[in-house]
Amino acid sequence: MTRNPDLIQWHPSSWQSKQAQQQATYPDPAALDTVVSELSRLPPLVVSWEIEALKEQIASAQRGERFVLQGGDCAETFEDCESDKIAKKLKILLQMSLVLVYGLKKPVIRVGRMAGQYAKPRSADTETRDGVTLPSYRGANVNRPGFTAQERVPDPSLLLRGYERSALTLNFVRSLIDGGFADLHHPEYWDLDFMRHSPSKDAYEKIVQSISESLDFFEAASGQPIHESTTTRFYTSHEALHLLLEQSQTRYIPRSQRWYNLSTHLPWIGMRTAALDGAHVEYFRGIANPLGIKVGPSMSAEWVQGLIQTLNPNNEPGRIVLIHRMGAKDIEKRLPPLIQAVRATGSPVLWVCDPMHGNTETATSGLKTRRFENILSELESAFRIHRELGSWLGGVHFELTGEDVTECTGGARGLTDADLARAYKSQVDPRLNHEQALELAMRIAGLHAKKGAQKSAVIHI
C-alpha cells in the first residue's frame, strides 16, 4: 500500500494546532487533562482487526456485493444503558436486516449507532430560556440536560462514565450475538411486542417463514450449516466530535504501522466540523478506520472533493463513506452535482442517504419532529437519482429506537402532531420508532425489488 508522506508528521494530538469547532469549554483544564490521561491508559473498546474487517466489507459494498445497515439513537444517554433497551435496539436492527437480506438478496453488514454516541454538535454555544442564558447541552459525555447552571457546566468526569457505559453496551451486544441471539435460524427471538398488532406483522412473518425454509433446504442439500446465517458481526459507530476523547483512544498498532481510533469501528465527521483546514479533518486524516463524512446542501463540490483528497489521498477502497443529507426539498437540485464531482476524483466511495436530518421541523407544540412522508420522499429520490446518474446508492442513515416512542409523525399508524407528547423521550433529535423503522426497511426492499438493476447499498441508520 502506498504510504502518505504527510502522515510521517501526524500524531493523534496534531489537531491541537488547528481551529477546533464544537468543543466544550471546561472550567478546570487540569481536571480535564487528568481524565484524558486516564482514558489513554484504559483498554480500547474495539480492536484493529475488527476495523480492517469492516473496511474490507465496505469495499465489498462499494463493488455492489454487500449492503450495510446502520442505526441507533441520535444521542445516547447513560440511562439508556439497560439490558432491555439495548436488546430492543439490537432486535429492530436485526429485523430490518432480515427484511433487507430478503429484498436485496445480498449479505447485510450491521453497524450500530451506539456504544459511544454521547456527544452532539449544537447550532449555538448557549441556550436561553425565560431570560436565562446557559451553555447548550452537548451530550452526556459533556454536561447534563437539566437547565441549571450547575448541570450545564462541562464535567470531565462524564468522559469516564461515557467510556464505561460504552464498554458495558458493547459487551452486552457481543454477548447476545455470541450466544446465538442473531442466528437467522431463530428470528422469532427478535420479536418485539409491537409485532402482535403491527400493520407490518403479516408481511414480516412471511419473510421470516421464507428465509427459514430456504435455510432448511440449502443446509439439507449441502449437509452443513450456512456460516453467515449463524454468526453475525456487529460493528459500532459514532460522531467523533470530542477530539480529546477520540485522541485518548487512538493507538498505534506496530504490526500494521498505522494509527487507529479504537473507541469505535466507523467514526464519522459532521458538517459543522468538516472545514478542510480544521482540527477534525486533521485528526481524521491520520487514523486508519473507515470514515463517514456528512454532506449537506451547503457544501460545494470543491469542498467535498477536497475532503476526499485530504482523507483518502491514495484512493484506498473501503475508506470513505459519504452520507448525503439534503432534505426532500433540496435533493433534486443539490445531489446530482455532488455525485458528478465525486466521480471526477476517481476515488472509490460508498454513497449513503440520510433522509432524516434535512427534514427536521418544529411542530406547533414546539417539539422537533420529522414526517415519515418526507423521509420516504427523500429516500425514493435518492435511489432514483443515483440510478439515473449511473451511481450506486450507499443507503440511508436512520436515527431510530426499539422503543414505542412518538417522535416522528406518519407511518402506517398515522401518528400526528397531537400524538408527539404521548411518548416523546429524545433529548436532542426525533427518532423513528420500531414500527416506522421496519416499515422503511420494507419500503427499501420494495424499491430494490421494483428497480432490480441497482447494485448494492449501505444503509446508514
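All of the numbers you see were taken from the coordinates with simple rules; none came from a lab. Here the structure is a predicted model, which is why all the values come from computation and not from measurement. No Cβ is skipped: glycine too gets one built from the backbone with ideal geometry, and neighbour counts run over all protein chains shown.
At-a-glance table
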item	result
Per-residue HN-Hα couplings for the stretch 335-342 [Karplus 6.51, -1.76, 1.60; θ = phi - 60°; Hz; x = Gly/Pro]	6, x, x, 5, 4, 5, 5, 5
Given the chain, longest segment not containing exposed loop GluC sites (Glu not before Pro) (DSSP; at most 15 other Cβ within 10 Å)	83-461
Charge dipole magnitude, Cβ of K and R +1, D and E -1 - the chain, Cα centre, debye nearest 20	1080 debye
For L415, distant residues with modelled amide H under 5 Å away	G410
Karplus 3J(HN,Hα) series, Hz, for the stretch 406-415 with 6.51 cos²θ - 1.76 cosθ + 1.60 (x for Gly, Pro)	10, 10, 10, 8, x, x, 4, 8, x, 4
Per-residue ³J(HN,Hα) for the stretch 91-103, Karplus 6.51 cos²θ - 1.76 cosθ + 1.60, θ = phi - 60°, Hz, x for Gly and Pro	4, 5, 5, 5, 4, 5, 5, 4, 4, 6, 4, 5, x
Amide hydrogen neighbours beyond the local backbone of G112, cut-off 5 Å, H modeled	G71, Y235, T236, S237
Other-chain or far-sequence residues with amide H under 5 Å of L262's (modelled H)	T250, R251
